[in-house]
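Single-structure report; data block below.
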Amino acid sequence: MGMSEEYSDDFLKTILRRTKRVAVVGVSANTVRPSYYVARYLSLKGYDVVPINPGQAGKVLFGKKVVASLADVEGPVDMIDIFRRSEHVPPIVDEALERFPMLQTVWMQIGVESAEAAEQARARGVDVVMNRCPKIEYQRLFGELRMGGFATGVISSKL
């Protein structure tokens, strides 16, 4: 562990803005697990989320049908978000690169890192983010409050 890579805000913003469809690998149906609430958050923000978990296949989470594996995803995906232990990452990334020629981003959650997988993806021109959470970055970069018009420095008298 401990490869702490730095990512500029612009880099992260670009990824979060251009991404439309996200495959979440290792999503949990347990509502208190990060993988559940991160995937749900992304779907609430307008991303097309494809939940992946072999144990939950066929169930519906936040209005989306869970599939067993990347092989079961229909159509292209812009980003994969990985909630699996680091040692499981390389084969997941290999499969994603093979299956989704238009893949733009491989995102690994907090605590998930693989230099090997990152190298593979980057060699194919795919951006990589490790050891971060898209929900946290989205909230930090696009300020939830600002979107509601509060933290603009202008106090409105409208209620």
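Compared with the alpha-carbon gap, the fully stretched path from R140 to T31 is longer by 37.0 nm at 0.36 nm per residue. Between the listed residues Q120, V93, P76, the Cα displaced farthest toward the positive end of the dipole of the stretch 9-148, a dipole computed from Cβ unit charges relative to the Cα centre, is found at P76.
If you wrap the tightest convex hull around every Cα atom of the chain and split its volume per residue, you get 131 Å³.
The mean sequence distance of close C-alpha pairs (under 8 Å, at least 6 residues apart), as a share of the length of the stretch 31-90, puts its relative contact order at 22 percent. Straight-line cross-link partners of K135 among the lysines, defined as a Cα under 28 Å from its Cα and at least 8 positions apart when in the same chain: K13, K20, K45, K59, K64, K65.
Only the Cβ atoms of Lys and Arg (+1) and of Asp and Glu (-1) were treated as charged; on that basis the dipole of the chain about its Cα centre amounts to roughly 860 debye. Listing E6, E113 from fewest to most neighbouring C-beta atoms within 10 Å gives E6, E113.
Taking 0.36 nm per residue of separation and subtracting the Cα-Cα distance, full extension of the segment from D94 to I110 would add 3.7 nm.
Taking other C-beta atoms within 10 angstrom as a stand-in for reagent exposure, D72, D78 fall in the order D72, D78, fewest first.
Label sites at E87 and V60, each approximated as a point 7 angstrom past Cα along Cα to Cβ, lie 3.8 nm apart.
How big is the antiparallel share of DSSP beta bridges in the chain, given as a percent to the nearest 5? Close to 10 percent. Based on C-alpha pairs under 8 angstrom that are at least 6 apart in sequence, the stretch 9-148 has a relative contact order of 21 percent. Residues T14, T105, arranged from fewest to most other Cβ atoms within 10 angstrom of their Cβ, appear as T14, T105.
Every number here is computed from the coordinates shown, using simple stated rules; none is lab data. Model, not experiment: these values are computed from the prediction. With ideal geometry, Cβ positions are generated from the backbone for all residues, glycine too; neighbour counts draw on all protein chains shown.
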